[in-house]
Structures are given as C-alpha cells and as structure tokens.
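Below is one structure; the comments refer to it alone.
We did not get these values from a lab; they are worked out from the coordinates using the rules stated. The structure displayed is predicted, hence computed values, not measured ones. We place every Cβ from the backbone using ideal geometry, glycine too, and count neighbours over all the protein chains shown.
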Amino acid sequence: MLNRSASSGQGKASDAQNQAHELANSDRIRLKFGACGIDVLENGPNIRVSVLYSPHDDVQICRTFAVVVYPDTIAPALSKEHGAVLGGQPIGQVFRENGWLIDKRHQYFGRLEALAGGPGSHPAFGDIGGTQPAVHVYSFVVSKNNEAFHYASIAEVHHPEHLRFEDLMAIYGDRCEAHLEAKTDIYDILEIVEAKLTSLPERM
C-alpha cells in the first residue's frame, strides 16, 4: 500500500480527480496522428523501456520514449496487472481495464538537454534540429477499494511534433509550474533515461 515515502512531494490528492478528465498519452497520439502502437525495447524486473509510435508509410515514428522504474517490491494486489505489463501490454490500459483509478503524481517537467551526439539527430526521434524534447516524470499510483499503491516511476520524453514543453504547460497548468525543479531522485531517473537513449540505435 502507498506509504509516506511513496506519496511525499508527488502531488496533491486533487490530482486523482484531474486525471479522470485527462487523456492518456496513447490517446493523444492516436487522436493527433491516427494510430498508436507500442514497442517494448527492454522489459526487466526493475526497468521497462518502450516507445509509443505512430505508423506512417511502413515507418514507425517514435512519439514518446518512456522509461519505467519499478520499486523493489510490487504489491501482491497488483500481481495480475504487473504480469500483463511484463507481457508487453500498455501500463495505463492494463490498469484501466482492470478497474483501477490512475493518479499521475507529477514530479518534474522540463526539457532534455542535448545528448553526447550533439543537437540535430536524436536517437529516438530522428532529425529534430536543435529542439530539446519535453520530459515529464511522474509517480504512477493506482487505487481501488480505498487502497492506493505506488506502481512505478515513469519518465516520458516526447517528440516535439507530439508534445512540446509549452504543450505540457498548457495541459497541466499550475501542476506543471509547481514541478519545474529537478530534485536528487529526479536526476537519478533522468540519468537512466539518458543512458537508455544513448544506447538506442537511431530509429529514423
């Protein structure tokens, strides 16, 4: 069950109500580009790496590069859903279809600095010039029957044609402005994201 360490500094209780009125990222991709697929690149016991893409002329264009970091122990109540996620299914879809309320407890909004390869060609998105992709880090909390569980910490890096930093500001408003400063644990996640991106073969 969600404890103090999992809930501290990760958003207000009202975020759960806001989530009910927000589109999932996959829904945003589907509405904007016509379709959305998921390609799971790494699916280990501690970390999952995936891309959400839209297909165009037999080419998969990455719209979101996502890194999921699981806690050391997954709550037994989530074992069924966790098994489905490890099987490659979309996280949000799995929990929604099993009756869970999803609460994204925002931790950080920012821009990803240029990787070692320099500006221009990006390993996930191809040629995006000097644009710094928007980054959104949040704690994925689910609840049902008056119980809440921290399932994972998730970092999403978005293709600028999908979501820019300004778009995240427009979507999340005050919740975005309250989480513009990266703390120590956020730097740890961002280091994982950059390591995974750096080792990723260029897709486009």
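Using 0.36 nm times the number of residues separating residue 79 and residue 31, minus their current alpha carbon distance, what extension gain do you get? It would help to have the intermediate numbers written out before the result.
Details: separation 48, 0.36 × 48 = 17.28 nm, distance 3.11 nm.
That works out to 14.2 nm of additional length.
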Distant-in-sequence amide H partners of residue 159 (H built 1.01 Å from N, under 5 Å) = 64, 65
Arrange the following residues from fewest to most other Cβ atoms within 10 Å of their Cβ: 104, 196.
-> 196, 104
With each label point set 7 Å from Cα along the Cα-Cβ vector, what nm distance links residue 161 and residue 72?
-> 4.4
Tell me, what HN-Hα J-couplings in whole Hz come from the Karplus equation 6.51 cos²θ - 1.76 cosθ + 1.60 at θ = phi - 60° for each residue of segment 101-107, using x for Gly and Pro?
-> 8, 9, 10, 7, 9, 4, 10
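For residue 183 and residue 89 in the same chain, what is the full-extension length gain: residue separation times 0.36 nm, less their Cα-Cα distance, in nm? Don't skip to the answer; put the middle values down first.
Values: separation 94, 0.36 × 94 = 33.84 nm, distance 3.04 nm.
This chain segment gains 30.8 nm when fully extended.
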Lysines within cross-link reach of residue 32: Cα-Cα under 27 Å, excluding same-chain residues under 8 positions apart?
-> 104, 196
Expressed to one decimal in nm², the mean projection of the alpha carbon convex hull of segment 4-198 is 10.9
How far apart, in nm, are the 7 Å Cα→Cβ label points at residue 97 and residue 41?
-> 2.5
Residues 184, 198, sorted so that the one with the fewest Cβ neighbours within 10 Å comes first = 184, 198
May I ask you to derive the FRET efficiency for residue 147 and residue 58 from their Cβ-Cβ distance with R0 = 35 Å, giving the value to the nearest 0.05?
-> 0.20
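Starting with the fewest neighbours, write out 52, 86, 23, 168 ranked by other beta-carbon atoms found within 10 Å of each beta-carbon. Write out the running numbers ahead of the final one.
Working: 52 24, 86 15, 23 11, 168 21.
Result, fewest neighbours first: 23, 86, 168, 52.
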What ³J(HN,Hα) values, in whole Hz, does the Karplus curve 6.51 cos²θ - 1.76 cosθ + 1.60 give for segment 85-93 when θ = phi - 60°, with x put for Gly and Pro?
-> 5, 5, x, x, 7, x, 4, x, 4
